[in-house]
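Input: a single structure, listed below in structure tokens.
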Amino acid sequence: MGLLRTASHSILFAAFYFVGSLLILSCAALPLEAVQLASQNLNSGWQFRAVAKTDRTDVKEWHPAQVPGVVHTDLLHSGLIPDPFDRDNEFRLQWIGLADWEYQTTFQVDAATLGREHVDLVFDGLDTFADVYLNDQSVLHADNMFRRWRISAKAMLKPGANVLRIVFHSAVGRMLPYAKSLPYVLPSISTHNYGNEEDIATAPYTRKAPYQYGWDWGPRFLTEGIWQPVRLEMWDALRIENFHIHQQHVSAELANLTAEVEIEASRPVTAALALAHDEVSGPQTSDGGQTLQLNAGINHVSLPVRIVSPKLWYPVGYGAQSRHRFMASIRIGREVAARAESKTGLRSIELRRVPDEWGKSFEFVVNGISVFAKGADVIPFDSFPNRVTPEIHRNILQAARDAHMNMVREWGGGYYESDDFYDICDELGIIVWQEFMFGGDMVPGDTAFQENVRQEAIDQIKRLREHPSIVLWCGNNEIETGWLHWGDRMEFKEAISAQARERVWQDYVILFADILKSAVTQYADPVPYWPSSPSANFEEPPDSPRNGDMHYWQVWHAQAPASDYTLQFPRFMSEFGFQSFPEMRTIRTFAKPEDFDIRSTVMQAHQKNKGGNERILTYMLREYREPKDFASFVYLSQVQQAEIIKIGAEHLRRQRPRTMGSLYWQLNDCWPVASWASIDYYGRWKALHYYARRFYDDVLISPFLHDDKVDVYVVSDKLQPISGTMHMRLLDFSGNVLLEQTKEVQIVAQSSAIYFTVDKSALTAKADPRQSFLVFDLEAGGKGVSHNLVFFDVTHDLQLPVAPRIETTISKTGDDYTVTLQSSKLARNVYVSFGDLDVRVSDNYFDLLPAEALTIQVKSTATLEQLREGMKTMSLTEAFSSK
């Protein structure tokens with residue numbers, strides 16, 4: 001097709017045409033693979049020792065290390081420290097993050113390796129300040145946990161044994177002298193969360209996972225180590241550095257794409273580039289090739305691609321998660337010199353923000369469909385990232401999808417997740433609000449810091465941009481709103497000059513309105529950028545109900561009543577939450593019976609939000625009666641959390657289209673702790689997650705008691721209208737029907753509307769409000785679609801049946817089991833447990849209506865007899881003290 005000379009950003013103007021819909025391959029996004037690029041894994045044979053800032057002699061001896069890994073887990077594996085999560089061990093292990101550590105391995109290099117033109121030493125991640133030596137020659141000074149490092153290493157290698165040594169410096173020790181030398185020290189959210197410690201002031205200046213400095217749900221473990229894989233890469237004339245499918249315009253009729261290939265050539269060379277696209281069950285489609293004249297160094301080649309009638313990728317609930325695979329190969333003469341694959345889902349994405357009667361909209365539009373975002377915020381899955389496996393990611397993300405979530409917000413105080421996390425989101429159809437790793441601190445403004453962050457952003461965007469699940473890049477978590485509203489920020493601003501205040505703000509604007517925005521525009525198009533969460537994109541102050549996204553924390557932090565959720569009308573709620581304890585089985589992993597008191601040292605150590613345990617109890621006594629013991633408190637804490645978040649989530653869904661997102665804080669935990677999570681550290685569902693499966697269902701009947709009336713909403717995320725039957729019953733606690741009404745309804749697609757209203761006076765005229773309740777059921781196609789209840793008073797004033805007798809039967813059904821429960825009286829928030837057996841149930845923490853049997857499915861490897869023996873039930877009134 002002719003000879004084209006390439007240089008940076010040059011374009012090949014020849015289009016490829018692929019006609020027809022194409023099938024998806026497997027779920028994983030494929031890594032780059034060059035045929036002639038060979039690699040040697042360097043993850044084995046490592047040992048470690050302390051080299052400075054500790055008096056312990058035992059850790060100054062060499063001990064075996066795991067790579068990927070961090071020093072805390074290496075010490076644990078060698079028996080040098082106790083379990084960091086047990087009881088209050090955290091406080092006795094702070095010396096680890098203040099010490100310097102040395103890692104070393106010896107590896108063999110053969111003649112064939114040294115015969116290659118290039119041998120690169122590649123680190124996918126070093127945590128954080130690391131001096132790297134190869135055969136005692138200094139080759140790298142790393143200073144960013146989130147960057148990838150590539151070093152030309154051939155000149156330092158020798159035949160036979162080679163020694164790779166890395167000295168990690170304490171992030172505090174390295175940065176504290178620098179922080180102290182500044183005219184002022186930026187305040188750190190970690191200081192607020194963990195305590196007033198001088199060394200945490202280094203956090204704003206360090207490109208390290210912020211949560212490791214301590215958060216209000218997580219411990220402080222300042223890790224160091226080789227936290228990502230390390231390897232040698234060998235290549236000759238060229239290698240493909242990056243292969244990207246730029247989605248310029250995508251519709252059901254046509255996908256206009258650009259295949260962008262970044263090629264590093266060791267010298268000028270003529271090569272042929274071919275692009276192919278295939279489907280699992282069909283033939284490969286390819287063009288005849290393009291001839292290139294590559295220059296020495298980096299070459300950027302772009303090739304237009306058109307696919308007619310492509311299969312598109314949709315969020316769950318809106319269509320299939322179809323993906324496409326593209327292959328690029330480069331030949332020099334007759335030999336393939338490099339090859340790369342890219343797998344992606346084709347979709348259009350828009351963050352729609354247009355003026356309307358409520359201000360300015362904030363909604364995600366995928367393939368032309370407005371998506372109400374239902375989900376939760378995600379934090380790191382462990383305090384020690386190397387312990388997180390793909391299985392852990394899959395279990396939590398599958399649980400999110402099982403609860404009808406279609407979005408997770410990858411919070412900015414942790415680390416950029418591993419490839420498998422996004423692969424699973426792609427597969428499951430869970431869209432991702434992706435934040436850059438800034439958790440709440442204002443940022444330095446020196447050029448070195450800004451350039452470091454710029455390269456970090458480029459590295460991470462290039463790594464993740466093929467994932468169709470990523471629909472937003474967000475600059476940070478809460479920095480903007482913190483600067484304007486938080487008390488410690490107010491004190492800081494008062495303590496410095498007006499000129500310094502302006503400088504700090506301009507440093508923020510440069511990073512989040514210029515550097516990161518430009519990186520997203522250049523490398524992540526068409527995925528939109530948002531500067532902060534919450535934010536109004538600098539158009540007005542953040543946390544506005546009229547513009548942008550909102551975090552609402554008056555419920556919990558300010559101890560506002562849960563009913564205040566119904567007074568909020570945001571355009572998109574990206575944070576709201578309430579705490580609970582994990583179940584007793586989880587608590588027993590870190591506490592002894594003598595610790596089972598919310599005020600004990602251990603329970604306070606596993607509660608990182610100051611006064612959190614007492615706040616849970618304060619709210620509890622407003623709504624419920626006093627718990628009879630610690631286990632009952634734990635149970636009630638989960639019921640309370642679920643009921644409170646239900647109020648908020650249902651309200652937000654009822655506001656559609658004014659509000660187009662409900663993300664509660666938070667989905668998961670990084671250690672066993674009392675927190676806002678709906679799934680605990682071990683993957684065990686709390687009551688909230690079972691509730692979420694109900695209040696996030698695609699069709700929801702949502703009665704709202706207010707102003708002496710009950711408005712009955714139906715919310716539908718379905719793309720088609722639904723014909724249904726709404727059924728209302730007024731029952732007493734023994735199951736007597738006091739009033740009954742039925743109404744046929746036509747539910748509009750993607751809508752929220754009131755379909756029925758009843759005056760409270762009409763209900764209380766027929767029943768004592770302390771001894772009765774409303775039941776609402778929605779049926780469609782002869783099946784139950786949604787179910788909800790309304791009670792007329794706070795729980796402690798209701799005359800609920802005391803310890804209602806629940807009859808249970810369990811039987812084997814195929815490979816699984818079923819449990820059927822029934823009670824003659826109302827039994828609220830029935831919790832079915834099986835002791836220490838590993839069991840998954842289809843539902844839990846449900847209301848058992850009088851004389852109405854309810855069946856749940858049970859999955860377990862335990863025997864029927866073991867399940868019968870271990871099964872227990874608990875209902876709400878059984879948790880109350882008899883006082």
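How high is the relative contact order of the chain? Use alpha-carbon pairs under 8 Å, at least six apart in sequence, and give a whole percent.
Working: 2137 pairs, mean separation 91.3, N = 883.
Taking the mean separation of contacting Cα pairs over the length of the chain, I get 10 percent.
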Region 392-456: relative contact order in percent, alpha carbon pairs under 8 Å with at least 6 residues between: 36
Average accessible area per residue (Å²) across the chain - probe 1.4 Å, nucleic acids and ligands excluded: 37
Label-point separation in nm, E494 to N43, each point 7 Å along Cα→Cβ: 5.2
Candidate values [x] 49, 34, 27; [y] 49, 36, 32; [z] 52, 29, 24, label of the one derived for semi-axes √(5λ) of the Cα gyration tensor in Å: [x]
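Note the full-extension length gain between Q857 and A558 as 0.36 nm times their separation in residues minus their Cα-Cα distance, in nm to one decimal. Please list the in-between numbers first.
On the way: separation 299, 0.36 × 299 = 107.64 nm, distance 3.97 nm.
That works out to 103.7 nm of additional length.
Could you order the peptides 72-79, 443-450, 106-113, 637-644 from most to least packed, using the average number of other C-beta atoms within 10 Å per residue? Don't jump to the answer; show the numbers that get you there.
On the way: 72-79: 18.6, 443-450: 15.2, 106-113: 12.9, 637-644: 24.1.
Peptide ranking by packing, descending: 637-644, 72-79, 443-450, 106-113.
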Paramagnetic reach from L738 (point 7 Å along Cα→Cβ, amide N under 20 Å) across region 825-862: 825-829, 847-852
Nearest-0.05 FRET efficiency for T813 and L705, computed from C-beta distance (R0 45 Å): 0.70
Degrees separating the helix 630-654 axis from the principal Cα axis of the chain, which is the longest one: 80
Rel. contact order, % - alpha carbon contacts under 8 angstrom, at least six apart, region 117-216: 27
Separation in nanometres of the label points that stand 7 Å from Cα toward Cβ, at Q799 and V354: 5.6
Whole-Å distance, taken between Cα centres, linking region 513-534 and region 330-354: 20
Accessible area (Å², 1.4 Å probe, nearest 10) - W486: 60
J(HN,Hα) series, region 221-234, from Karplus relation 6.51 cos²θ - 1.76 cosθ + 1.60, nearest Hz, glycine and proline x: 10, 7, 6, 9, x, 8, 8, 10, x, 10, 7, 9, 10, 10
Separation between Cα centres of region 788-824 and region 129-168, rounded to whole Å: 62
Nitroxide proxy distance, nm - points 7 Å out along Cα→Cβ at S824 and I754: 4.1
Helix-only mean residue ellipticity at 222 nm for the chain, each DSSP H run of n ≥ 4 adding -39500 (n - 2.57), per residue, nearest 500: -5500 deg cm²/dmol
The chain, accessible surface, carbon-and-sulfur percent (1.4 angstrom probe): 49
Listed peptides 865-878, 534-547 by packing density, highest first (mean Cβ within 10 Å): 534-547, 865-878
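Specify whether the C-alpha gyration tensor of region 583-716 places it in the rounded, prolate or oblate class, a ≥ b ≥ c being the square roots of the eigenvalues: rounded for a/c under 1.5, otherwise prolate if a/b is larger than b/c and oblate if not. List each step's numbers first, then the result.
Working: a/c = 2.58, a/b = 1.83, b/c = 1.41.
It is prolate, given that a/c is not under 1.5 and a/b is the larger ratio.
S266 to K592: extension gain in nm, 0.36 nm per residue of separation minus the Cα-Cα distance? Please report the intermediate quantities before stating the final value.
Numbers: separation 326, 0.36 × 326 = 117.36 nm, distance 6.24 nm.
This chain segment gains 111.1 nm when fully extended.
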For G835, distant residues with modelled amide H under 5 Å away: K872
Accessible area of K608 in the full protein assembly, 1.4 Å probe (Å², nearest 10): 30
Spin-label proximity, K158 to region 133-150 - amide N less than 18 Å from point 7 Å beyond Cα toward beta carbon: 133-139
Accessible heavy-atom area order of H796, H246, highest first, probe of 1.4 Å: H796, H246
Heavy atoms of D420: accessible area, 1.4 Å probe, square angstrom to 10: 40
Cα-based helix-to-principal-axis angle, 498-510 vs the chain, degrees rounded to 10: 80
For region 58-79 versus region 210-284, the gap between their alpha-carbon centres in whole angstrom: 32
C-alpha long axis of helix 171-180 to longest principal axis of the chain, angle in °: 90
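Counting only DSSP beta bridges with both residues in the chain, tell me the antiparallel percent, nearest 5. Walk me through the intermediate numbers first.
Working: 165 of 195 bridges.
Antiparallel: roughly 85 percent of the beta bridges in the chain.
Under the 0.36 nm per residue contour assumption, what length would be gained going from the current alpha-carbon distance of S761 and R585 to full extension? Can you show the working numbers first?
On the way: separation 176, 0.36 × 176 = 63.36 nm, distance 4.52 nm.
Contour length minus the Cα-Cα distance gives 58.8 nm.
The values are calculated or read from the model by the stated rules, or taken from the named source; none is laboratory data. Just so it is clear, the structure is predicted and the values come from calculations on it, not from any experiment. Every residue, glycine among them, receives a Cβ derived from its backbone with ideal geometry; neighbour counts consider all protein chains shown. Surface accessibility is based on the protein's heavy atoms, side chains included, excluding ligands, DNA and RNA. Shrake-Rupley method; radii C 1.70, N 1.55, O 1.52, S 1.80 Å.
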